[in-house]
Structure formats: structure tokens, C-alpha cells
Amino acid sequence: MKGFAMLGIGKTGWIEKDAPTCGPLDALVKPLAVSPCTSDVHTVWEGAIGDRHDMILGHEAVGEVVEVGALVKDFKPGDRVIVPAITPDWGALESQAGYSMHSGGMLAGWKFSNFKDGVFGELFHVNEADANLALLPPDIDMAAAVMLSDMVPTGFHGVELADVQFGDDVCVIGIGPVGLMAVAGAALRGAAHLYAVGSRPDCAALAREYGATDIINYREGDIVEQIMALTHGKGVDRVVVAGGDTENTFVQAITMLKPGGRIGNVNYLGSGDYVRIPRVEWGCGMGHKVIAGGLMPGGRRRMEKLAALLSTRRLDPGKMLTHRFNGFEHMEEALMLMKDKPRDLIKPVVIL
């Protein structure tokens with residue numbers, strides 16, 4: 001089969017590989033719609049998870065089931081399915097402990113384009129199909145549904161990690177696709193003042209549509225100073241980190257956070273060896289300012305619950321799709337958009 005792959009750090013290209021085989025609990029799926037992710041950029045051009053050779057990229061897809069294993073009960077060839085980016089091994093001890101995304105080791109629930117070929121191929125393998133696939137509801141646009149693979153659950157997980165409650169003042173740092181979904185998730189959870197940090201006009205406008213009350217433009221001054229001015233020096237109850245740089249973002253997040261507040265990080269820290277924590281602003285280690293960072297949960301139940309938000313029109317992630325391509329041959333073009341990030345880009349999708 002043909003696929004678009006990471007050839008090595010800093011190198012991508014089309015390759016031919018043997019098609020995957022289907023185990024008794026598994027499924028083989030052909031992609032119908034896919035989207036490249038900034039994580040693919042970190043993986044290839046920053047070597048964030050180490051070197052990978054001839055590994056097919058991609059972890060966001062809606063597809064059609066081609067083959068299922070003998071023990072698969074709930075899916076059959078021809079079914080259209082949402083494929084989560086995280087496909088855990090559900091019998092692992094880590095899953096039983098409540099951390100399925102780390103089944104088999106830290107981050108090991110993230111298999112596509114990490115430990116095995118991803119979804120930018122003519123066919124891809126899904127482990128434990130009954131637990132890791134979800135039927136695509138017929139009333140959901142296929143392209144918008146691709147956002148359920150990663151962007152929606154990752155943004156929402158940042159909100160969960162920050163434990164946003166009704167009436168909280170919340171700051172979302174970074175309003176790319178994940179940050180926009182964090183804004184939407186915080187609004188659904190009842191945030192009061194909802195500050196969105198970003199500079200791109202299109203992202204800022206969409207953040208307001210998703211529920212942001214204020215846009216904090218880091219090009220117009222220090223974001224902590226802006227937040228403190230708007231909150232009369234009090235700071236915010238919760239911070240979701242969905243972007244920014246490893247060197248300074250946590251300094252800013254901790255500084256703007258009230259004592260007893262929480263930071264939920266879902267930003268992929270793709271470079272550097274350490275994260276800076278400001279000693280005094282962290283209350284000399286005693287400020288009850290909690291930092292929680294996590295990989296999004298995967299699995300069927302998560303996909304079905306999030307899909308219900310689209311079916312009931314409580315969420316429309318399709319608004320983020322600024323660039324649409326038709327045809328497998330546009331995979332590289334779409335990925336390069338994520339790498340180069342033109343100002344009118346939010347998220348591309350490729351319909352196959």
C-alpha cells in the first residue's frame with residue numbers, strides 16, 4: 001500500500017509498504033477524511049518523540065471498515081467510523097488504574113504515527129476495534145467528525161485537567177484548533193470570564209464564537225499584565241495551556257493563577273529539556289497552584305459522547321476547517337500548511 005511517511009527527522013515522503021494484517025480483535029480501515037496535526041510537525045521536524053524511519057504519519061481520521069477480526073462483535077465491513085487518535089490496550093494494568101492513554105507505558109496509548117503506522121495510508125490497523133472505534137452518526141458532517149479524533153477531545157481534556165467549574169474565570173493560552181476547543185469546552189462547563197490568548201484575527205473571531213469574552217493579544221503586551229488588569233489584580237481560577245513555548249508559558253500561567261487554582265496542560269512540549277516554574281509566584285512551593293498535564297483519553301465511549309454534542313448542535317468543530325482538499329495526493333500539501341501556518345489557516349482536512 002501507499003502512504004505518506006516520516007522518513008527520518010526533518011524528512012517526509014511517499015512510500016510503499018506491506019498492508020497491515022488484522023488480528024482477531026482488530027479492524028482494518030481505509031481513510032475517508034483525515035487531517036494533519038501540529039503533533040505531526042513536532043514529530044517530524046523537531047524529533048520530539050525520537051527518530052522514526054518510514055513510519056506513516058497521521059492520527060486523525062474518519063474511515064470505512066474494510067475487515068474485522070473473528071472476535072469483533074459491533075463493527076462490520078462497510079461501517080463508517082470515527083477513529084480516535086488514542087487507541088489504548090484496554091486490558092492493561094494502566095487502563096485498569098484509570099489511565100488508558102498510558103496503557104503499556106507512558107503515552108503508549110498513542111499508537112498511530114508513534115509506535116505504528118498512522119492513518120495517512122491507503123489502509124490502517126486499529127487494535128481492539130470494539131473498544132476503539134465509534135460509528136459515525138449519519139447526521140454529522142464527515143469532515144467535521146475528523147475533529148473528534150483529536151482536536152475536540154484534547155481541548156476538552158485541558159478543561160477537565162483544569163477542573164473548570166461554573167462561574168470560574170478561565171484563561172486559555174493558545175487558540176489554535178486545540179485551544180479553540182478548550183474555549184468551547186470551558187464555555188460548556190460554565191466559565192464566566194473566558195480569556196483567550198492569541199494573535200491571529202481568524203482564530204480570535206472564532207474564539208469569540210465559541211464563548212471567549214476577551215481576547216488577549218500577546219503582541220500588544222505581556223499577557224500576565226493584561227490578565228491582571230482585566231481581573232483587577234486577582235488573576236484567574238483556571239488556566240488551560242494549549243499553546244505557547246516551553247520556556248515561558250508556565251511562568252505566565254502560574255503567575256496569573258490564583259492560589260488554589262489549577263493549570264490543565266495539553267500542549268505538546270516538543271523541544272527543550274525542562275519547564276520553568278517561578279518559585280515565588282508558585283507560593284515558594286506552597287501556593288496550592290496545581291499543574292496537571294495529560295494526554296487525551298481515547299476509546300469508543302469518549303468518541304460517542306463527543307459525537308452527541310455535534311448531533312445535538314451544542315458544538316460545531318467544522319468552523320475550524322479553513323482549508324479543504326480532495327484527493328490522497330494532497331496529503332503532503334495539507335501537512336506543509338500545518339508546518340508553515342499561514343495566517344488564514346486554522347485546520348486543514350483532506351477528503352479521500
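Numbers for the structure displayed
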{"item": "Net charge over other residues, Cβ less than 10 angstrom from the Cβ of Glu60 (K, R count +1; D, E count -1)", "result": "-1"}
{"item": "The chain, helix-only ellipticity at 222 nm - DSSP H runs n ≥ 4, -39,500 (n - 2.57), divided by all residues, nearest 500", "result": "-7500 deg cm²/dmol"}
{"item": "Accessible area (Å², 1.4 Å probe, nearest 10) - Asp141", "result": "80"}
{"item": "Where segment 213-268 is the region considered: accessible area per residue in Å², 1.4 Å probe", "result": "43"}
{"item": "Cα centre as origin, Lys/Arg/Asp/Glu Cβ charges: the chain dipole, Debye", "result": "660"}
{"item": "Surface share of carbon and sulfur [accessible, 1.4 angstrom probe, percent] for the chain", "result": "53"}
{"item": "For peptides 214-220, 290-296, sequence by mean Cβ density within 10 Å, most packed first", "result": "290-296, 214-220"}
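The values are calculated or read from the model by the stated rules, or taken from the named source; none is laboratory data. Computed from a predicted structure; not experimentally measured. All Cβ positions, even for glycine, are placed from backbone atoms using ideal geometry, and neighbour counts span all protein chains on display. The area values use the complete protein model at the heavy-atom level, side chains included, leaving out ligands, DNA and RNA. Shrake-Rupley method; radii C 1.70, N 1.55, O 1.52, S 1.80 Å.
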